[in-house]
Amino acid sequence: MIVRADFDTIASWIHTGSRVLDLGCGNGTLLQYLQNKRSVNGYGVEIDDDNLLSSVRNGVNVIQMDLESGLSVFESESFDYVILSQTLQAVHRTELIVREMLRVGKEGIVTFPNFGYWQHRLDILRGRMPVSEDLPYQWYDTPNIHLCTLKDFEAFCARLDVKITERMVLTRGKPVYRRANFLGAMAVYRLQSV
Amino acid sequence: MNQITAPLYGQNSVGIVEPQSMHFAAPLLTRSGGSIAGYDLVYETYGSLNAEKSNAVLVCHALNASHHVAGYDADNSLGWWDNMIGPGKPLDTQRFFVIGVNNLGGCFGTTGPSSINPATGKPYGSDFPIMTVDDWVTAQTRLADRLGIHRFAAVMGGSLGAMQALQWAISVPERIANAIVVAAAPQLSAQNIAFNEVARRAITTDPDFHGGDYYQHNVIPKRGLRLARMIGHITYLSDDAMMEKFGRALRGDNIGYHFDVEFEVESYLRYQGDKFAEYFDANTYLLITRALDYFDPAQDYDGNLAKALAQARAKFLVVSFTSDWRFSPGRSREIVKAALDNHLDVSYAEIDAPHGHDAFLLDDPRYHGLVRSYFERVAEELKIL
C-alpha cells in the first residue's frame, strides 16, 4: 500500500473506533490505512467507476455519488470526521462542499497541495505552470481547478466562519514549521464550525 | 450435488441442472391472514456446500423468473442469471454453494394457485392466499433449515429478488451476512402500482379468467396475460434502449395504414406477450404483482426505513442503473441512506447503463466486476476457500 505523506498526520488526529467519511476516496487507500491503524468505521464517496471498484477490492465501504450535488444521504453530525484528502482543489462548488463537510462531520480534515510553495512560485517566475510531486499534472490534463495557497485557504475559512483547530504543513513528508506558505508543499488542516 | 459436468456447455457453465423438490408439512401462515396447509418448494443448487456450511448464497427471483438461475435445464433452456453465476463467474460456484428457489405461489413446480389443493382435490385458483415478500422469506428460511444452512454468506437478487434480500436482512438478521440488492426500491411508487394494476386488470377482465378458477373451465386467460406482459415489458426497458433496438422500423416495406402490426416494436411486444402466455400462470402473475405492491418493510416502523433496518446486521451492496426509470437510482439511495443511518457496512454503485430496469440481467463489465470483487471480499471475510 502506498502511504501518502498526509496519511500519518490524519491518522494521528483520529480517535480509534471513530466514524470517518472520506470525500473523494479514490481507490480507498486512506480509509484502508485508517481501518488498519485506527479501526475506524469508514465510508468513502467516489464518482469514478474504476476507483469504486478498487475501493471495494480494498475492503472499504464506498458510495458512488457526485460530491457536487451535496451530501443529502448523510445525516447532520453523523460522522466524527469528514475528510477531503487532495480533493478540495478539484471540486467546482468548493464552498458548498466545505459547508456540507462540517454539517455531516463533527470535525473536518482537509489536505491540499500548497500553490504558494517556493518551487511553484519559481515555476511561475520562469513563465511555466508549476509541476511538482504534489502537483503532478500538466496544465492541459489537470483535474485541479481551484488551487490555493495556505493564506488563501485560511482567509476562506475565516469568511465561512470555520475554525482551524490544527494545521500540519509538509514537504516531502517532513513537517515545516517556519515560513510555511513558502516552504510547505502540502497542507493538512483540522477544522470545526464555529 | 445435482449437476452433471458437461464440457459441451463450456467451462464457465454449471452445465445441465436438475431441479429438486422439498415438501413442507407444517402449515405456513401468511401475513394476509391465510394459510397453506402443506407445500412443495422447487429449487436448484450449484456448487457444493462446505463442511462449515458457511458458503451458501441464496439467489431470489423477480416477477417472471424461477428457481432455474444458472446452467441448462432439461429443455436446454439457460438459467435467467447464468451470466452472473457459474464456475469463474462473478458469483463463483467453485467457491459458493448457490441456491435458486421458486417462490410460493409460483408456477414452476412450487405450490401455487395452479397446484391441487389437498382439501378440495381441485386447483387452488382463487383460494390461494395472497403472498407477501416476508412470507417468501419465511418459506426460504424453512428450506435453509432443511438444507442445514443457518446463515447465508449472501442473499442476492435483482428487482423483486432484491426486495427479498432486503427483507432477509430485516426479518432474520442473524441468518444473512451480506445482502446484495440490485435495481430495487424500498417500496413501490404510485406509478409502479398503477402499471401493476393495468396488468392485473388485463388478466381479471379476460372472459377466460373466471374469477381465477379458469382451470376447471379448461381455459387460460391468455389475452390478459399477453397484455400484462406487454405492459410490464415496456417498464423494463428505457426509452433510449427501445429506440436503439427498434427505432421506428417497420415490419413490412411500407406503411399499410391499418391497426395491425406496423412497427417492429409492436411485433416484438406481441411476440413477448405470446411467449409468456404459453408458460406463465395468470394467478401467479396477479399474486406476484400484488406482493410487489404490498412490499413496504417500513410500514411496520412508522414508515421509517431506517427504523426497519435497526435490527439488521448484514453488510450491503446496493446497485442501481442510471436509466432504470421503474426503480430509479434515487430509490436505491433510500436503501443506502437507511443502511448508513444504522451504521451498517454498505457500498453503493450507480452503473451508467442505457438499458433500463433490465440492465440487472445484462452483462455489464463494471457491474459484474463489482459483484465479482464484492464476492471475493465475502469469501475472504468468511474464510471461504
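The values are calculated or read from the model by the stated rules, or taken from the named source; none is laboratory data. Please read all numbers here as calculations on a predicted model, not as lab measurements. With ideal geometry, Cβ positions are generated from the backbone for all residues, glycine too; neighbour counts draw on all protein chains shown. Surface areas here come from the heavy atoms of the whole protein model, side chains and all, with no ligands, DNA or RNA. Shrake-Rupley method; radii C 1.70, N 1.55, O 1.52, S 1.80 Å.
Restricting to region B:335-361, count the residues that are open to solvent by 40 Å² or more (accessible area, probe 1.4 Å) and at the interface with chain A (Cβ under 9 Å from one of its Cβ atoms). Please lay out each step first, then the result.
Filtering region B:335-361 for residues open to solvent by 40 Å² or more (accessible area, probe 1.4 Å) gives B:337, B:341-343, B:345, B:350, B:352, B:354-355, B:361.
Okay, now just the ones that are also at the interface with chain A (Cβ under 9 Å from one of its Cβ atoms), so B:337, B:341, B:343, B:345, B:350, B:352.
The number of residues fulfilling the criteria is 6.
Only one of the numbered conditions (1) within 11 Å of chain A (Cβ to nearest Cβ); (2) more than 29 Å from B:Asp82 (Cβ to Cβ); (3) within 23 Å of the chain's Cα centre (by Cα) is violated by B:Leu370, and that is (2). Within region B:251-309, the set of residues being in a loop (DSSP other than H, G, I, E, B) and open to solvent by 70 Å² or more (accessible area, probe 1.4 Å) comprises B:Arg251, B:Asp253, B:Asn254, B:Ile255, B:Tyr257, B:His258, B:Phe259, B:Asp260, B:Asp302.
Are any residues in region A:42-66 more than 19 Å from B:Ile335 (Cα to Cα) and out of contact with any Cys (no Cβ under 9 Å at 6 or more places or on another chain), and if so, which ones? Full working, then the answer.
First pass over region A:42-66, keeping only residues more than 19 Å from B:Ile335 (Cα to Cα): A:48-51, A:53-55, A:57-59.
A:Asp48, A:Asp49, A:Asp50, A:Leu53, A:Ser54, A:Arg57, A:Asn58, A:Gly59 - these are the residues of region A:42-66 that are more than 19 Å from B:Ile335 (Cα to Cα) and out of contact with any Cys (no Cβ under 9 Å at 6 or more places or on another chain).
In summary, B:His210 fulfils each of the numbered conditions (1) open to solvent by 50 Å² or more (accessible area, probe 1.4 Å); (2) within 15 Å of B:Arg290 (Cα to Cα) with the single exception of condition (2).
Out of B:Val98, B:Val59, B:Val42, one residue alone is in a strand (DSSP E or B), touching a residue at least 60 places away in the same chain (Cβ under 8 Å) and surrounded by 24 or more Cβ atoms within 10 Å (Cβ to Cβ). It is B:Val59.
Within the set A:Glu107, A:Glu100, A:Glu75, A:Glu95, the sole residue that is modelled with pLDDT of 95 or more, charged (D, E, K, R) and part of a strand (DSSP E or B) turns out to be A:Glu107.
When residues in region B:46-56 are screened for being part of a strand (DSSP E or B) and in contact (Cβ under 8 Å) with a residue 60 or more places away in the chain, 1 of them pass. Is it fair to say A:Gly59 is within 14 Å of another protein chain (Cβ to nearest Cβ) and at positive phi? In short, yes. Only residues that are closer than 15 Å to B:Tyr348 by Cβ and over 14 Å from the mean Cα position of the chain (by Cα) were counted in region A:1-55, giving 9. With respect to being within 13 Å of the chain's Cα centre (by Cα) and not aliphatic (A, V, I, L, M), B:Gly125 falls outside the description. Looking at this structure, is B:Glu266 under 29 Å from B:His233 (Cβ atoms) and more than 14 Å from every other protein chain (Cβ to nearest Cβ)? Judged against the criteria, B:Glu266 is a match. Candidates B:Tyr367, B:Tyr374: the one that is part of a helix (DSSP H, G or I), in contact with a helix residue (DSSP H, G or I) (Cβ under 7 Å, 6 or more places away or on another chain) and buried (at least 18 other Cβ atoms within 10 Å of the Cβ) is B:Tyr374.
Does B:Asn83 fit the bill of being crowded, with 20+ Cβ neighbours inside 10 Å and of a type in the set (S, T, N, Q)? Walk me through how you get there before you give the answer.
Values: crowded, with 20+ Cβ neighbours inside 10 Å: no; of a type in the set (S, T, N, Q): yes.
No: the conditions fail for B:Asn83.
If I ask for residues that are among the small types (Gly, Ala, Ser) and open to solvent by 10 Å² or more (accessible area, probe 1.4 Å), which ones from region B:135-158 would you list?
First pass over region B:135-158, keeping only residues among the small types (Gly, Ala, Ser): B:139, B:144, B:148, B:153-154, B:157-158.
B:Gly148 - this is the single residue of region B:135-158 that is among the small types (Gly, Ala, Ser) and open to solvent by 10 Å² or more (accessible area, probe 1.4 Å).
Check whether at least one residue in region B:331-348 is assigned to a helix (DSSP H, G or I) and in contact with a Cys (Cβ under 7 Å, 6 or more places away or on another chain), and report yes or no. Scanning region B:331-348, I find no residue that is assigned to a helix (DSSP H, G or I) and in contact with a Cys (Cβ under 7 Å, 6 or more places away or on another chain), so the answer is no. Figure legend. Inter-residue proximity from region B:15-33: first residues over 16 Å from B:Val98 (Cβ atoms) and open to solvent by 60 Å² or more (accessible area, probe 1.4 Å), second residues among the aliphatic types (A, V, I, L, M) and at pLDDT below 95, beta-carbon distance below 6 Å, spacing 6+ or different chains. Indicated pairs: B:Pro27/B:Ala37. The one condition from (1) in contact (Cβ under 8 Å) with a residue 12 or more places away in the chain; (2) farther than 20 Å from A:Ser193 by Cβ; (3) assigned to a helix (DSSP H, G or I) that A:Phe153 does not meet is (2). Scanning region A:38-52 for residues that are at the interface with another protein chain (Cβ under 8 Å from one of its Cβ atoms) and either open to solvent by 40 Å² or more (accessible area, probe 1.4 Å) or outside any helix (DSSP H, G or I) (or both) returns A:Asn41, A:Tyr43, A:Asp49.
Do you know which residues across region B:66-93 are part of a loop (DSSP other than H, G, I, E, B), free of Cβ contacts under 8 Å to residues at least 40 places away in the same chain and not hydroxyl-bearing (Ser, Thr, Tyr)? Passing the criteria: B:Val69, B:Asp75, B:Asn76. Within region B:124-134, being open to solvent by 30 Å² or more (accessible area, probe 1.4 Å) and within 21 Å of B:His210 (Cα to Cα) holds for B:Ser126, B:Asp127, B:Ile130.
The set of residues in region A:1-37 that are in a loop (DSSP other than H, G, I, E, B) and open to solvent by less than 40 Å² (accessible area, probe 1.4 Å) comprises A:Ile14, A:Ser18, A:Gly24, A:Cys25, A:Gly26, A:Gly28.
Residue-by-condition table, conditions (1) within 22 Å of A:Gln32 (Cβ to Cβ); (2) surrounded by 15 or more Cβ atoms within 10 Å (Cβ to Cβ); (3) in contact (Cβ under 8 Å) with a residue 60 or more places away in the chain:
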position: A:Gly70; (1), (2), (3): no, yes, no
position: A:Ser78; (1), (2), (3): yes, yes, no
position: A:Val82; (1), (2), (3): yes, yes, yes
position: A:Gln89; (1), (2), (3): no, yes, no
position: A:Ile97; (1), (2), (3): no, yes, yes
position: A:Phe112; (1), (2), (3): yes, yes, yes
position: A:Asp141; (1), (2), (3): no, no, no
position: A:Ile145; (1), (2), (3): no, no, no
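Restricting attention to region A:53-65, the residues that are in a helix (DSSP H, G or I) and of a type in the set (A, V, I, L, M) total 2.
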